[in-house]
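Take a look at the structure set out below.
The values are calculated or read from the model by the stated rules, or taken from the named source; none is laboratory data. Everything quoted here is computed from the prediction, not taken from an experiment. Cβ placement follows ideal geometry from the backbone for every residue including glycine, while neighbour counts extend to all protein chains displayed. Note: areas computed on protein heavy atoms with side chains; ligands, DNA, RNA excluded. Shrake-Rupley method; radii C 1.70, N 1.55, O 1.52, S 1.80 Å.
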Amino acid sequence: MRITLHDVSKGRGGEALPRTSLEFHTGAVRFALAETEQRPTVLGLIASGRMRPDTGRVTLDGAENARDLRRRVALVDAPSVSDPHADIALAGVVGEELMFAGVGATPIHARRWLAGLGFAELASVPIGSVDPAARVRIMCELAVLRDSVEGIVLVAPDRHGGSPDGWWRIAGEFADRGYAMLVVVGGSAAVALERMQEFDAINASGPVEPLVLEEPGATPSDADDQGSIENGDAR
């Protein structure tokens, strides 16, 4: 699976997101820089097929298919969209995500799931107080419980503080498991990732392959005409 953003932007004059081109694919982790409060979430929404850009196109394996992209790529921890309220106990967050995954979602199920992951002691802790690396591990593990998910767009894990080495290595582990991983970060985290070579951090932004147009008769993109978040599918 290869997701490519071809010169996308959002808002008048690119206020919400300036023109951006990037690519991420199965079995690799990439990071993309997005500054300001709004842009990381906007980039995450566009990269996961949940928002239509005002310019450019988003392709999945060379063709536009927003519905399939939404189904196969999870949007994780995006501020104001898919991030849980900081005061909610971790077990409550887990229970809700288990419900979305279609599995047992009672408080007992949630605590058992956390125990199986090695985080039983965090069940009653507000998620806003959970260590950033543990938060990323838990949120990503919950996202891939859904059978259709083959990729993750993780938004702004650096906003939770701490060193990037923990959550970046976790993102790399998911790539090693066969997922396509895109991590949207701010400037300071991007600099840290570029300087610390042991992270093997690769920027997703930059030159991309020439745009492959669909064959005649191909189904056009079904992205919503308003460019808004698809109802009921922010995750």
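Where Lys and Arg each count +1 and Asp and Glu each count -1, what net charge lies around Asp7 among other residues with Cβ under 10 Å from its Cβ? Let's see the in-between values first.
Numbers: positive: Arg19, Arg57; negative: none.
Its environment carries a net charge of +2.
Indicate, rounded to the nearest 5 percent, the antiparallel portion of the DSSP beta bridges found entirely in the chain. Mind dumping the intermediate values first?
On the way: 15 of 30 bridges.
Roughly 50 percent of the DSSP beta bridges within the chain come out antiparallel.
Taking the Cα centre of the chain as origin, work out the dipole magnitude from +1 charges on Lys and Arg Cβ and -1 charges on Asp and Glu Cβ, in debye rounded to 20.
Values: 23 positive and 34 negative charges, 56 e Å.
It comes to approximately 280 debye.
Taking just the C-alpha trace of the chain, give me its Rg and Dmax in Å.
In Å, with Rg to one decimal and Dmax whole: 17.3, 56.
On average, how much accessible surface per residue is there in region 1-93, in Å², for a 1.4 Å probe, leaving out ligands, DNA and RNA? Before the final figure, lay out each step's value.
Values: 3770 Å² over 93 residues.
In whole numbers, region 1-93 has 41 Å² accessible per residue.
How far is it, in nm, from the label point at Arg169 to the one at Ile88 when both lie 7 Å from their Cα along the line to the Cβ?
Each label point lies 7 Å from its Cα, and together they span 2.9 nm.
For Arg195 and Leu145 in the same chain, what is the full-extension length gain: residue separation times 0.36 nm, less their Cα-Cα distance, in nm?
The Arg195-Leu145 span can extend by a further 14.7 nm.
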